[in-house]
Every structure is written in C-alpha cells, then in structure tokens.
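All remarks here apply to the structure that follows.
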Amino acid sequence: MLAVCCVLPAIADDADQRRRYDAFFLEAVCQRQKGNTDAAFDLMRHCMDIDSTRSEAYSFLSQYYSHLKDKQRALQYCRKAAALEPENTTYLATLADALLSQREYNETIGVLEQLYSLCHDRDDVLGMLVQLYEQQEQYDKAIDALTRLEVLEGKSERLSYAKSNLYTKKGDKRAAIAEMKTLADQYPNDNNYRCLYANTLYINGQKKKAVAIYNAVLRKEPDHRNALLAMLAYYNDQKDSVHVQEYTEKVLFNKQMASGDRVELMRRFVIENEQTGGDSTRVLQLFHRLLQGSQEDADMALLCASYMNLKKMPEDSIRVVLEQGLQIAPDNAAVRLQLVMYAWQAQDRDRVIDLCTAARQYNPEEMAFYYYQGIAYYQNGNLDGALNAFQNGISVITPQSDPAIASDFYAVLGDILHQKGLEQEAFAAYDSCLVWKDDNLGCLNNYAYYLSEKNIRLDEAERMSLRTIKAEPKNATYLDTYAWILFMQQRYSEAKIYIDQTLQNDSDTSAVLLEHAGDIYAMAGDIRQALVFWQQALERIAAEPSSDEDRSAIITRKIKLKKYLKE
C-alpha cells in the first residue's frame, strides 16, 4: 500500500509538468502570431526549463535563431529537436537543410538516409542523396540511390543516363555501356535512345561502334538532330574539315534544330573561322542562306550584324540585317538599340524618335530608349516631347539601375525644366542627379551657373563649379562658369584670372563669354579692355542668324556709359 502511495504523487507531478509546459507553449505560439517575437522567445525558453525532454520548444527556437542568421545555434536546436523525436520527418527534413547550408555533408547524408527509412516515397530525398554521394565520390552509394529511385519512378532516360555517367566516373566502362544498352534495347524503335547508347560508347572509347550506330540512325532519319550533332563532333575531333563543313550545313539547315542550337553552332563556326584565318565570304554566305529561311527570333540576325560589324562592313548593309531582325522580333531590345545607335550616328533624329517610340511599347523597362528619344526631341527643339520622354524614363529607374545612366537622366531633365522656366523643379532634378552620381560634371556646371544667375546659394555654387575645373582644368565652359560665380561673389581679381584662362582655352568664343569678360574686366578696374570685349560681343551677336536685340541694347548701353550695368 505504501508503494502505491509513493507512485501517485510522481504521476501527478508529471501531469502538472505537462500542463504547465502546454500552457506556456500555447501562450508562446499566440505571442508569436501577434508579432511579439521577444515574448514568444522568452516563453519558449521557459518551456525548456519546465521540461527539457519535449521537442517543440527546441524546434521553435531553431527557427528563431535561423531568422537572426545565427546558423550555429539554429543547427544546435535543430539537432536537439530531431534527437528527441527521431521519427519526426519534419524535424529531420529541417535538420538536413540546416546541415546542408553549413556544408556538413556527411552528417546530412546520415539524416537523409534516416528520413528515407521512414518515408520510402520521398524521391526528393533520394535525389539529394544521389547528389551528395556523387559529390563525396561515393559512386556505389550514388548508384544505389538511383536504383532506389528507379523502383519509385520506373526506368527512364534521365536515371539510366545518370547511372551510366556514375559508372563512367567510377571507371567501370562495361557497366556504363551496359546501362545504356539496356535502355536502348527496351525501346528498340526509339533512335534517341540509340544515340544515347552510342554517346556512351563514344565517351568510353568505342568510337567506331558509336559512329556505326549514328550512321544507322541517319539512314533511317537523315534529319535526326542528336545523330547529326554527334557526327559533327566526331569530325571535329578527327580534324576532318571537309566533313565538318558538310555536317555544319546539315545541322544549320535542319528543321528539327532549335533556334538557339543554330545560333550557338553558327557562333562556334564564326570563332573557328576567325582562328584559322578563314574567308569571311563563306561565313556571310551561310548567314545569308540562314536568314532567307523562317526565323523564330532575331538572334541569328543579331549575330550576323555583330560579325559584319567585326569585319567593318558598310553600315548600310548591317542596318538591312538589323531591320530584318526587328521585323522578326519587334520586341528584341538589343536589335532595336543597335538601330538607334546607327540612326544617332547618322544624326537622323526623326528615325531615333520613331524607333524609341515603338520601343516604349515593346520594351517599356529599357531606360536607353527614353534617353535617346528625349535627347532627339531636345535637339529638335521639342521641349515638351523631351520632357515627356525623360519623365517616363525616370519612372523605370530602380535601385539596381546603372548610376551613371540614372544620373544623366536627371541632369538632362534638369536642363529641360530650366529651359521651360521651371527653376525649382530643375534644381530638384539636379539634386537627384547628384545623389546618383555626385561627380556628374555637366550637372555640377549647369547647376552652379543657374544658381549664380539667380544670385542664390553662391557658396554652394562655387564649390560645385570648383570641382568641375579641378576635374577638367582646360574646359572653357567650366572655367567661364567658375569665373562668373567669382564675379557674382564680388571676387573680381580672382574672376579676372579665370576668365583669362577661359579665353585662352576657348576655340570659338561666344557672345556670352565675351560679355562676361567685359563685365569682369570692368569691375576689376580695366574699363579699356572691358570696352574691347563688349564691342566684340556686339559683333558676335550681329553675326548670328537670329540676333538678340535685347542683349545688344544692354551691351550698347554698357559701352556708351563705360561701366558694368547690373541687370
């Protein structure tokens, strides 16, 4: 009777322990669902203190540490959970993943084998075992795993080929060949399997027998893709140029060949032709014949254009090929962009605009088309069209965009906005430009100059302009801007030094530059030379097709009054 009384309190204690554990665990799960991760973590830790033999808390804590990127602790708790419940397949799968991420390959294999022993229908587990055993060069075990896969899935090309490769790596040529022969004999009327068998013979040294099978296949199916490729590879190995040329054409003009295969083969043919100093006429003839046939995509045309460009052929002939490619695949951005570049070089801005307008429908994510369209509109004097192009182009800029291109987008947008009188918007665009690339010299120069025109933020403008002349100390445009900012800061002696450098480095002095020089010299105390510069500015304005009468009137007043006039 006494013994029974002693057992009952122990049972009661165990039940109370389970209830407390379950209560805290449930609360931890609730806190986790509410997003209170720290509270859930503390509760799970308390669960472990209550009962260290229960696995659930360890599993939860493993996830927590994994989220914190603490792989070692995550793995530690994974191991503990799996050890407490060795038949829990979820724990085992999680542990296998954790071990694999830590490159613990041997232990991973053991866990996966344990998982497979519990779930014989897990083909994913067997697939992973094959990879791991092969990586560890345990070829017999990899083959055994493939055999177990065959029990699940049945014999197939994929599995037989994999087993044959493993036998080859193991050095068992006879078994490698036998594996593929069994598959080929199982499907005697399928020439694909006959070719696979021949391939295995070939790589295992039985080339004559393999070639005999390829030829037999080609007698039945003259256009059989795999047999033709195999024979081409064989003649390449034999350095038999006559047959290489014959089979290259057979493959290239084979209707069963995918476009990608044709393009890749033609690319190899071009490379080999270049390496051997072959005649480009033969290559161009092949391209011409290929492009006469129907095309699935523009890749062959693009390859042909690249080759013609390499051979420095006339641009007109290259454009014809690219236009053909564009007709085949109007959404091919690479082809269209090359055509844009040719039109750009020819200064055919209307063609640039047409190409880019269509591109915005087919390739709305490509920034280059917005850029070239915007610049073409800008050069044509269509500010609204340019503004639309650049604003739409900016909408496709992402954090992964090329900083230089994104910076240029905002720089040109700023110039356009300034011309339209939207100064604050222009300054905001310049700020964005410099965020992407803080040494965009064109932006720094224009931003600084426009600030000086408004006579605002001159210290900031001077710092920006100084960066440009440090980068390009002989750039007359940058020197003129810096001289003018110094002038606006009333630093006339310094301004005179830099305007002199500007005049020394400027090959075609503009009326604006000459007027600046006159203004600076006047305020530096040399009115005689100032009058000379102002007179030259008047002559330059008069020589321009559309002279600025207002500007001429202001300069005339300066000459008459012999002094600088603040506008």
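Residue 137 meets the conditions (1) closer than 30 Å to residue 104 by Cα; (2) part of a helix (DSSP H, G or I) in every case but one. The failed one is (2). Taking region 62-89 as the range and being in a helix (DSSP H, G or I) and under 37 Å from the mean Cα position of the chain (by Cα) as the test, the residues that pass are 62, 63, 64, 65, 66, 67, 71, 72, 73, 74, 75, 78.
Working carefully through the options 492, 564, 521, 482, find the one that is touching a Ser or Thr at 6+ places or on another chain (Cβ under 6 Å) and of a type in the set (Phe, Trp, Tyr). First the steps, then the outcome.
Details: 492 fails: touching a Ser or Thr at 6+ places or on another chain (Cβ under 6 Å); 564 fails: touching a Ser or Thr at 6+ places or on another chain (Cβ under 6 Å); 521 fails: touching a Ser or Thr at 6+ places or on another chain (Cβ under 6 Å).
After ruling out the rest, the residue left standing is 482.
Restricting attention to region 386-401, the residues that are touching a residue at least 12 places away in the same chain (Cβ under 8 Å) and either open to solvent by less than 60 Å² (accessible area, probe 1.4 Å) or farther than 21 Å from residue 427 by Cβ (or both) add up to 10.
Enumerate the helices (runs of 4 or more DSSP H) found wholly within region 484-567, keeping only those where 1 or more residues are over 26 Å from residue 445 (Cα atoms) and out of contact with any Asp or Glu (no Cβ under 8 Å at 6 or more places or on another chain). Steps first, please.
Values: elements: 492-505, 511-523, 527-543, 549-561.
Output list reads 527-543, 549-561.
For first residues located in region 316-342 and under 15 Å from residue 304 (Cβ atoms) and of a type in the set (Ser, Thr, Tyr), partners that are buried (at least 19 other Cβ atoms within 10 Å of the Cβ) and at pLDDT below 90 and lie 6+ apart or on another chain with Cβ distances below 6 Å do not occur.
Determine, yes or no, whether residue 152 is of a type in the set (A, V, I, L, M), at pLDDT below 90 and either open to solvent by 20 Å² or more (accessible area, probe 1.4 Å) or in contact with a Pro (Cβ under 7 Å, 6 or more places away or on another chain) (or both). Lay out the reasoning, then the answer.
Details: of a type in the set (A, V, I, L, M): yes; at pLDDT below 90: yes; either open to solvent by 20 Å² or more (accessible area, probe 1.4 Å) or in contact with a Pro (Cβ under 7 Å, 6 or more places away or on another chain) (or both): yes.
It is true that residue 152 is of a type in the set (A, V, I, L, M), at pLDDT below 90 and either open to solvent by 20 Å² or more (accessible area, probe 1.4 Å) or in contact with a Pro (Cβ under 7 Å, 6 or more places away or on another chain) (or both).
Could you tell me which of the residues 378, 342, 370 is more than 20 Å from residue 296 (Cβ to Cβ) and surrounded by 21 or more Cβ atoms within 10 Å (Cβ to Cβ)? Going through 378, 342, 370 in turn, just one is more than 20 Å from residue 296 (Cβ to Cβ) and surrounded by 21 or more Cβ atoms within 10 Å (Cβ to Cβ): 370. Counting only helices (runs of 4 or more DSSP H) that fall entirely inside region 318-404 and contain at least 1 residues that are small (Gly, Ala, Ser) and more than 30 Å from residue 290 (Cα to Cα), the qualifying elements are 367-379, 383-394. Somewhere in region 171-182, is a residue over 20 Å from residue 228 (Cα atoms) and among the polar types (S, T, N, Q)? The answer is yes, given that some residue of region 171-182 is over 20 Å from residue 228 (Cα atoms) and among the polar types (S, T, N, Q). A search for C-beta distances below 9 Å between a residue of region 135-158 that is farther than 18 Å from residue 122 by Cβ and any residue that is surrounded by 12 or more Cβ atoms within 10 Å (Cβ to Cβ) and β-branched (Val, Ile, Thr), counting only pairs 6+ apart in sequence or on different chains, returns 136/109; 138/109; 143/130; 155/182.
Scanning region 311-338 for residues that are open to solvent by 70 Å² or more (accessible area, probe 1.4 Å) and within 25 Å of the chain's Cα centre (by Cα) gives a single hit, 331. The number of residues in region 193-242 that are open to solvent by less than 70 Å² (accessible area, probe 1.4 Å) and assigned to a helix (DSSP H, G or I) comes to 30.
Of the set (1) surrounded by fewer than 18 Cβ atoms within 10 Å (Cβ to Cβ); (2) part of a helix (DSSP H, G or I); (3) not hydrophobic (A, V, I, L, M, F, W, C), all apply to residue 121 but (2).
The values are calculated or read from the model by the stated rules, or taken from the named source; none is laboratory data. These numbers come from a predicted model, not from an experiment. So basically every Cβ, Gly included, is an ideal-geometry build from the backbone, and we count neighbours across all protein chains shown. These accessible areas exclude ligands, DNA and RNA; they are computed on the full protein's heavy atoms, side chains included. Shrake-Rupley method; radii C 1.70, N 1.55, O 1.52, S 1.80 Å.
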